[in-house]
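The values are calculated or read from the model by the stated rules, or taken from the named source; none is laboratory data. Please read these numbers as outputs of a predicted model, since none were measured by experiment. Cβ sites come from the backbone with ideal geometry, for glycine too, and all protein chains shown count toward neighbours. Protein only, heavy atoms only, side chains kept; ligands, DNA and RNA dropped before computing areas. Shrake-Rupley method; radii C 1.70, N 1.55, O 1.52, S 1.80 Å.
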Amino acid sequence: MHYQDHLRVGAAQINARLGDVDANLERHREMIAQARLSGLELLVFPELSLTGYSLGNQVIELACPAHDPRLTELAREAGEMQTIVGFVEEASPGEYYNALAILQHGELQAVHRKLNLPTYGGLEEGKLFTHGSELTQGSVRPGWSATSLICADLWNPGLVHAALLARPAVLCAPINSASGIVSEDFSNEQNWAVNLHFYAMTYGTPVIMANRFGPEGESHFWGGSRILGPRGEILAQAEDREMLIEATLSRTAIARARFELPTHRDADTPLVRDLMAGYR
């Protein structure tokens, strides 16, 4: 089979209204329509894009099952374009996940549940959500697969390594990053740039990072959404406003980057497993 060399991808940098799912759904519809007009095949929204971030006890009111009709309707509007949307998933009464709905072909294809729930600085997700326990990878189109990790998932190097060992063509990174949320001395703006560049370059894997831009309460979400190529190069970067960014990825460029720096080939998983066996 001859695979298509190029994939058109995008990140929707929006600012969710806290707790207003209806307004956020409308914003998603607008971005999805714009992306489809541009011929995109993969579109990534920020973490918790349908609800906002500082939910507290609103988690109970805003959570919905994965097969909620509103997600199904978004899937229909997305059509053949794989669209990744952030929401609060109710798995059972009182069991809630910071999750992604992966929509395509008019249906819900998969759900990814956040693995690493931060409880430091101004972050209190461990009090609200149950942590996920599985990696999620799926096909975008023949020859093109994608895996998703949510925000703090990417600050656990072991999780990123495990996710990328499966050799996805693209890493999707929906985040909710506010200025100064970790500490006054930790710059999310600068450190996210280092984080994303490192993983894209080391694994020869393009990254689509979608962050919010704008206020929520006393927090300011700084945006900076970007699409990186397989050498860590920036292919597209958002301005300081709500907007859609787009880029074209090349399967040939990914192959060359991975051939020249064979991180996957030389991962030596059995050795790493043996070395980690003594740590619990």
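Please go through segment 55-93 and pick out each residue that is part of a loop (DSSP other than H, G, I, E, B) and either open to solvent by 60 Å² or more (accessible area, probe 1.4 Å) or under 23 Å from VAL140 (Cα atoms) (or both).
Scanning segment 55-93 gives ASN57, PRO65, ALA66, HIS67, ASP68, GLY79, GLU80, MET81, PRO93.
Between GLY106, GLY10, which is open to solvent by less than 10 Å² (accessible area, probe 1.4 Å) and among the small types (Gly, Ala, Ser)?
Details: GLY106 fails: open to solvent by less than 10 Å² (accessible area, probe 1.4 Å).
Unique residue meeting the criteria: GLY10.
When you go through GLU246, GLU189, GLU233 one by one, which is the residue that is charged (D, E, K, R), in contact with a strand residue (DSSP E or B) (Cβ under 8 Å, 6 or more places away or on another chain) and modelled with pLDDT of 95 or more?
Criteria check complete, one pass: GLU246.
Scan segment 195-221 for residues that are in a helix (DSSP H, G or I), surrounded by fewer than 20 Cβ atoms within 10 Å (Cβ to Cβ) and either aromatic (Phe, Trp, Tyr) or in contact (Cβ under 8 Å) with a residue 40 or more places away in the chain (or both) and jot them down.
Listed by number, the residues that qualify are ASN195, PHE198, MET201, THR202.
Hey, any hits in segment 180-189 for a residue that's open to solvent by less than 20 Å² (accessible area, probe 1.4 Å) and either outside any helix (DSSP H, G or I) or not aliphatic (A, V, I, L, M) (or both)?
yes
Return the pair list, or none, for Cβ contacts closer than 7 Å from residues in segment 10-33 that are free of Cβ contacts under 8 Å to residues at least 40 places away in the same chain to residues that are aliphatic (A, V, I, L, M) and in a helix (DSSP H, G or I), at least 6 apart or on different chains.
Sorted first by the residue in segment 10-33, then by its partner, the pairs are ARG17/ALA23.
Could you tell me which numbered condition TYR3 fails, if it satisfies all but one of (1) open to solvent by less than 40 Å² (accessible area, probe 1.4 Å); (2) touching a residue at least 40 places away in the same chain (Cβ under 8 Å)?
Answer for TYR3: the failing condition is (1).
If only one of TRP155, TRP192 is open to solvent by 70 Å² or more (accessible area, probe 1.4 Å) and under 16 Å from the mean Cα position of the chain (by Cα), which one is it?
Answer to the check: TRP155.
Any residue at all in segment 242-258 that is in contact with a helix residue (DSSP H, G or I) (Cβ under 6 Å, 6 or more places away or on another chain), basic (Lys, Arg) and open to solvent by 80 Å² or more (accessible area, probe 1.4 Å)?
Checking segment 242-258: not a single residue is in contact with a helix residue (DSSP H, G or I) (Cβ under 6 Å, 6 or more places away or on another chain), basic (Lys, Arg) and open to solvent by 80 Å² or more (accessible area, probe 1.4 Å).
Scan segment 126-152 residue by residue and report those that are surrounded by fewer than 16 Cβ atoms within 10 Å (Cβ to Cβ) and either part of a helix (DSSP H, G or I) or of a type in the set (Ser, Thr, Tyr) (or both).
Those that are surrounded by fewer than 16 Cβ atoms within 10 Å (Cβ to Cβ) and either part of a helix (DSSP H, G or I) or of a type in the set (Ser, Thr, Tyr) (or both): GLY126, LYS127, SER133, SER139, SER145.
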